[in-house]
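We did not get these values from a lab; they are worked out from the coordinates using the rules stated. Computed from a predicted structure; not experimentally measured. When we count neighbours, we look across all protein chains shown, and the Cβ atoms used for this are built from the backbone with ideal geometry, even at glycine.
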Number of protein chains: 2
Amino acid sequence: MDGKPGLRERKKRRTHAAISDAAIALFLEHGFNQVSVAQVAEAAEVSKRTLFAYFPAKEDLVVHRLADHETEAARVVRSRPPGTAPLTALREHFLQGLRERDPITGLNDHPHIRSLTRMILDTPSLVARMAGFKAGAEHALAEALQETADTPELTARLAAVQIVAVQWALAQDNAARLAYGEPADERYAGALADAEHAFALLENGLRGSRRHDG
Amino acid sequence: MDGKPGLRERKKRRTHAAISDAAIALFLEHGFNQVSVAQVAEAAEVSKRTLFAYFPAKEDLVVHRLADHETEAARVVRSRPPGTAPLTALREHFLQGLRERDPITGLNDHPHIRSLTRMILDTPSLVARMAGFKAGAEHALAEALQETADTPELTARLAAVQIVAVQWALAQDNAARLAYGEPADERYAGALADAEHAFALLENGLRGSRRHDG
DNA sequence: GAGTAAATGTATACCAGGTGCAGAAATCCT
DNA sequence: AGGATTTCTGCACCTGGTATACATTTACTC
């Protein structure tokens, strides 16, 4: 269907990548707020106006790579094998992400990823953007649950927000530990146990969540 | 301890209120993004610099009233009667909020509140600010759970994010229905049932959440 | 009650993110 | 090759937010 991208298309892709790369390099070196979009444009040899034609806002220079993950949970639910519970499919997917050190699980300690994660977490406007993705993920997952699991609308929405919230909490916890210096391979066992615990909590509820019950 | 507020203090309060009132009136009339802070400052008969001395950012002109709610769930958990489960206290508090039409439950249909809610939901930067409050509420609740219920740290965090996510989903659902025109008194029964269902889901887990199980 | 220190307010100029516009340059299609 | 179309650019402009330097008001003290 797309046999020949065409020169125009190829050039667009290259410009897009050039701007993004220049931006991330500068941001990692000096900090997100310490670099102006004008500097990014200059480094990418492009006018400021063109930069904004490719990226609607400064934050998108960083987070555009993560946009795909917004619908990841929904895709997992939709493409699960027949007879599998949504939550089971999501757990397996998350555990696989941990094994593969998928950055979205917070368990990737490549220096580049780590610095990027740290920068995002340290920059309020980028954190806000991530929260936007989170909301999008909730919405997409709710739709997927409703359409593929015969779940009532409200229940689907409630399940979706719980699941997404838990996944993000797990990822943030992992990322925080790696940012603190713990190697991913060392953290893996704990991350696995935590994920199992978290998904069990989702399945069984908060009833027995106290260490000593009364 | 504060017998006499003092003239300076009183004047500050009045200025604060004057700016906030002018801002909200203008925002409701013309829309958040259609009104500049300079216009707000002029309407409040104050310089732009002074406005920013009272409110760190334009969004705060709207959301500063909601800042108290950030720690509400945590306070409920901390001040619950001995022997009560945190989730029980939170459910009772939420149901009470519904009965009293507390705006935070989304079930208040006073025209002023409704317009304000609609404006916030329609303005991305305000939604982002709300998400910030949500994160703060999660954090505060996690601490409260950990300190008062002898819950392990991770479990407390996971429970907190689930609870906050569910409460917000309920509130947003109610607000959306009222924004659509449904009167609060008419919605009350449904909101009550939904809340009971949601808290039961939190307690018992997502296991049986499908309408027809397989 | 006058005078002074501290706090608060103002005017002005400035920076950065983002947009509208008109025209130049590149690409595409025939 | 040449015209139509898309893309890029420079420029002016708006808005949110901040720094500086100065004026004004409040509070405290004698």
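Residues whose amide H lies under 5 Å from that of A:Gly205, counting only those 5 or more places away or on a different chain, are B:Gly205, B:Leu206; hydrogens are built 1.01 Å from N in the peptide plane. Annotation note: GluC sites (Glu not before Pro) in region A:90-152 located in DSSP loop regions with a Cβ neighbour count of at most 13 within 10 Å are A:Glu100. Backbone N atoms of region A:49-73 closer than 19 Å to the 7 Å Cα→Cβ label point of A:Lys11 belong to residues A:49-55.
For region B:1-96, just say rounded, prolate or oblate: build the C-alpha gyration tensor, square-root its eigenvalues into a ≥ b ≥ c, call rounded for a/c under 1.5, and beyond that prolate if a/b exceeds b/c, oblate if not. Kindly include the intermediate steps, with their values, before the conclusion.
Working: a/c = 3.70, a/b = 1.81, b/c = 2.05.
Here region B:1-96 falls in the oblate category.
All alpha carbon pair distances within region A:65-135 were sorted into 5 Å bins beginning at 0; the resulting P(r) in whole percents reads 3, 15, 19, 23, 19, 12, 6, 3, 1.
Beyond 21 Å in Cα-Cα separation lie the following of the pairs A:Lys58/A:Lys134; B:Lys11/B:Lys134; B:Lys11/B:Lys48; A:Lys12/A:Lys58; A:Lys48/B:Lys58; B:Lys12/B:Lys48: B:Lys11/B:Lys134; A:Lys48/B:Lys58.
Here the Gaussian network model covers chain B, with springs between Cα atoms less than 10 Å apart; of B:Leu202, B:Leu126, B:Leu98, B:Leu202 fluctuates the most.
Legend: Rg and Dmax of region A:35-77, from Cα coordinates, 13.9, 43 Å. Other protein chain C-beta atoms within 10 Å of residue C-beta, averaged over B:141-154: 2. For region B:157-170, 3J(HN,Hα) computed residue by residue from phi via the Karplus equation (6.51, -1.76, 1.60; θ = phi - 60°) reads 5, 5, 4, 4, 5, 5, 5, 4, 4, 5, 4, 5, 5, 4 Hz, glycine and proline entered as x. A dipole drawn for region B:13-126 from +1 and -1 charges on Cβ atoms has a positive end, and of B:Leu116, B:His69, B:Phe55 the residue lying farthest that way is B:His69.
For chain B, the longest principal axis of the C-alpha atoms and the axis of helix B:184-204 are separated by about 50°. Under a Gaussian network description of chain A, with springs only between Cα atoms under 10 Å, the residue in A:Asp109, A:Asp194, A:Asp68 that fluctuates furthest is A:Asp68. For region A:105-203, what does the alpha-carbon gyration tensor say about shape, rounded, prolate or oblate, given a ≥ b ≥ c as the root eigenvalues, a/c under 1.5 as rounded, and a/b over b/c as prolate? Oblate is the answer for region A:105-203, as a/c is 1.5 or above yet b/c matches or exceeds a/b. In sequence order, region B:92-106 has phi-based couplings of 4, 5, 5, 4, 4, x, 5, 4, 8, 6, 4, x, 5, 8, x Hz under the Karplus curve 6.51 cos²θ - 1.76 cosθ + 1.60, θ = phi - 60°, and Gly or Pro positions carry x.
Put a plus charge on the Cβ of each Lys and Arg, a minus charge on the Cβ of each Asp and Glu, and nothing anywhere else: the dipole of region A:82-195 about its Cα centre is then about 300 debye. Compactness of the protein assembly as shown, taken as the C-alpha radius of gyration over 2.2 N^0.38 Å, stands at 1.08. Helix B:111-122 sits at what angle to the longest principal axis of chain B, using alpha carbons and giving 0 to 90 degrees rounded to 10? It is inclined by approximately 80 degrees. Between region B:115-171 and region A:142-196, how far is it from one alpha carbon centroid to the other, in angstrom? That distance is 16 Å. What the phi angles of region B:73-90 give under the Karplus curve with 6.51, -1.76 and 1.60, with θ = phi - 60°, is a coupling list of 4, 4, 5, 4, 5, 5, 9, 6, x, x, x, 8, 6, x, 5, 5, 4, 5 Hz, glycine and proline written as x.
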